[in-house]
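The values are calculated or read from the model by the stated rules, or taken from the named source; none is laboratory data. Predicted model only: the values in this text are computed from it and were never measured. When we count neighbours, we look across all protein chains shown, and the Cβ atoms used for this are built from the backbone with ideal geometry, even at glycine. Heads up: the accessible areas ignore ligands, DNA and RNA and are worked out on the full protein's heavy atoms, side chains in. Shrake-Rupley method; radii C 1.70, N 1.55, O 1.52, S 1.80 Å.
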Amino acid sequence: MEIKYPSTILNQSKGTTDTEKYLSRLCQNSFLSMWSFPNIYRDQGNSSNKGDGKEVCDLLVIFDNHVIIFSDKACSFPSSENIEVDWSRWYRKAVKKSADQIWGAERWLFSHPDRIFLDKQCQKKFPLLLPDKSKAKIHRIVTAHAVSKKCISELGGSGSLMIVPSIVGDMHFSDKSRSCLPFTIGQVDPQKGYVHVFDDTTLEIVMKTLDTVSDFVSYLGKKEAFITSGKLLSASGEDDLLAYYLKHVDYEGQHVFHIDSDADAIIIREGIWNNFVNSPERKAQIEADEISYSWDKLIELFLTHIFNGTSYYLSHIDISEQEKGLRLLARENRTRRRMLSLALHEILEKTPAHMRVTRTLLPSHLGDPYYLFLLLPRREHIDEKNYRDVRGSLLQQYCMITKLNFPEALDIVGIATESGIDSRYRSEDFLYYNARGWTKEEKTQAQKYETKLKELGMIGERTMTKKIIKEYPVSVIDKNKLKGSARNKPCPCGSGKKNKKCCGLV
């Protein structure tokens with residue numbers, strides 16, 4: 001689902017070329033506007049201190065300790081009669097040159113984090129803090145266009161470039177003493193850091209399938225570790241590699257690149273992606289995830305008010321401070337966003353407009369925030385200021401009471417709005433309560449709040465819920481759907497196992 005983003009006081013670039021604009025739209029849908037910045041510039045320290053606007057990278061994402069650096073190149077594919085020569089020329093321009101830009105951007109970002117800007121005139125400072133280099137998890141991504149059509153015409157298939165990790169550095173292109181494998185990507189230069197290469201086909205597939213920052217960086221990190229470990233011999237394309245990852249989970253329910261303990265390495269063959277997207281599991285997941293995008297819109301709504309200066313109340317004026325709380329909301333992966341959205345919509349639908357209700361959503365996993373939802377009726381005779389003041393104060397009190405009742409809670413997120421699904425008014429409050437430094441004074445104050453609210457009848461039987469939902473509403477391994485011989489056929493994922501013991505895809 002595409003979300004429309006308003007202009008903001010940050011005045012971020014939307015990209016300059018058509019491909020950069022497309023990349024920007026994909027990234028803003030995945031990472032949201034606060035954490036995705038197209039066309040970042042650096043100054044060069046000239047005498048006028050205005051800088052000369054050298055572009056650092058085509059797009060930069062900063063989220064937690066993750067730094068994602070994109071370089072976007074749209075180089076037309078040559079059309080001589082020698083496909084190895086054409087590929088070699090295209091690879092040098094579209095991939096190698098982009099990778100060099102990324103490595104250069106990486107050096108500058110961590111050497112001069114105070115000298116990066118949003119505009120070519122170097123007047124608008126980059127608003128977020130970069131993580132410490134020793135803790136940063138850097139993801140380098142080349143988006144290389146104008147190759148898929150040629151790949152299809154020469155090799156058929158989806159147009160995705162093959163992945164062969166044993167091809168390293170200059171082995172990607174031919175010269176007088178060496179031939180190459182056209183339309184095949186390995187490791188551009190392992191000594192400088194792993195680089196992901198997305199082509200026309202796979203850029204959209206990966207970013208629309210993994211459309212939250214948590215899902216996306218989890219895949220990038222595990223893919224890099226998998227490839228550099230030597231356990232992948234080859235993959236028919238990024239799309240099939242992604243499908244293989246999505247169809248395997250560990251005992252904690254996390255996606256992994258699984259291989260049998262008795263296998264040294266695997267080959268991922270063509271067709272897994274098509275089987276995955278056409279499976280009932282994936283179709284059911286897409287339908288179930290539809291409601292989750294209301295979470296994305298809620299985050300953007302809070303961001304819009306922060307950027308445009310229209311927030312009713314701000315605890316911090318500095319955007320970098322406000323970002324810390326909203327980051328918790330944006331850190332949720334797609335499945336968790338579905339669960340949170342369902343919980344919020346449920347109480348909105350079930351609560352009449354004249355009733356107040358709170359619901360505490362307990363963590364699904366260790367480290368997840370505690371969420372406190374508050375619905376408060378808006379009376380006709382109460383003006384906006386009084387209503388918002390009361391609701392904001394109540395939200396803070398309920399968050400402190402949550403810490404009182406759950407001492408182990410470290411991050412508490414409060415979200416408040418009007419009662420009733422069809423309220424004439426609709427406004428939202430967001431509060432992040434960092435409960436790590438819980439003091440005796442705060443505990444005493446929370447106890448007073450709890451006593452007062454109980455006397456007012458505003459704390460009765462506590463409504464709490466702990467929901468764990470399945471990523472795939474239709475089970476990935478549903479043996480009832482596998483008939484007879486289909487259960488004993490080799491699994492399409494290429495593992496060599498029988499269907500009933502592997503992914504369960506017919």
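Before moving on, here are some points about what is shown:
- Inter-label distance, nm, simple model (7 Å from Cα along the C-beta direction), ASP389/SER134: 4.9
- With DNA, RNA and ligands ignored, accessible area of GLU252 (1.4 Å probe; Å², nearest 10): 110
- Atom-type composition of the exposed protein surface of segment 162-227 places 53 percent of the accessible area on carbon and sulfur (1.4 angstrom probe).
- Under the combined filter of DSSP loop state and at most 13 neighbouring Cβ atoms within 10 Å, segment 69-155 retains these GluC sites (Glu not before Pro): GLU81.
- VAL277 contributes about 40 Å² of solvent-accessible surface, heavy atoms of the protein only, 1.4 Å probe.
- Under 20 Å, Cα to Cα: Lys pairs in segment 157-312, sequence gap 8 or more or different chains: 13
- Taking all protein chains together, PHE126, PHE70 sort by accessible area into PHE126, PHE70, largest first [probe 1.4 Å].
- Remark: the Cα gyration tensor places segment 151-279 in the prolate category, a/c being 1.5 or greater and a/b exceeding b/c.
- Sum of side-chain charges, PHE276 neighbourhood, beta-carbon under 10 Å (Lys, Arg +1; Asp, Glu -1): -1
- Placing pseudo-labels 7 Å out from each Cα toward the beta carbon at ASP64 and GLN445 gives an inter-label distance of 2.9 nm.
- Formal net charge of residues neighbouring HIS112 (Cβ-Cβ distance under 11 Å; K, R +1; D, E -1): +1
- Distant-in-sequence amide H partners of ILE167 (H built 1.01 Å from N, under 5 Å): GLN187
- Net charge in the neighbourhood of ALA74 (other residues with Cβ under 9 Å of its Cβ; Lys, Arg +1, Asp, Glu -1) is -2.
- Annotation for segment 407-462: trypsin sites (Lys or Arg not before Pro) lying in DSSP loop with at most 12 further Cβ atoms inside 10 Å of their Cβ are ARG424, ARG426, ARG436, ARG462.
- Each residue of segment 97-221 gets 157 Å³ once the volume of the Cα convex hull is shared out per residue.
- Taking all protein chains as they are arranged and a probe of 1.4 Å, the heavy atoms of HIS305 leave approximately 70 Å² accessible to solvent.
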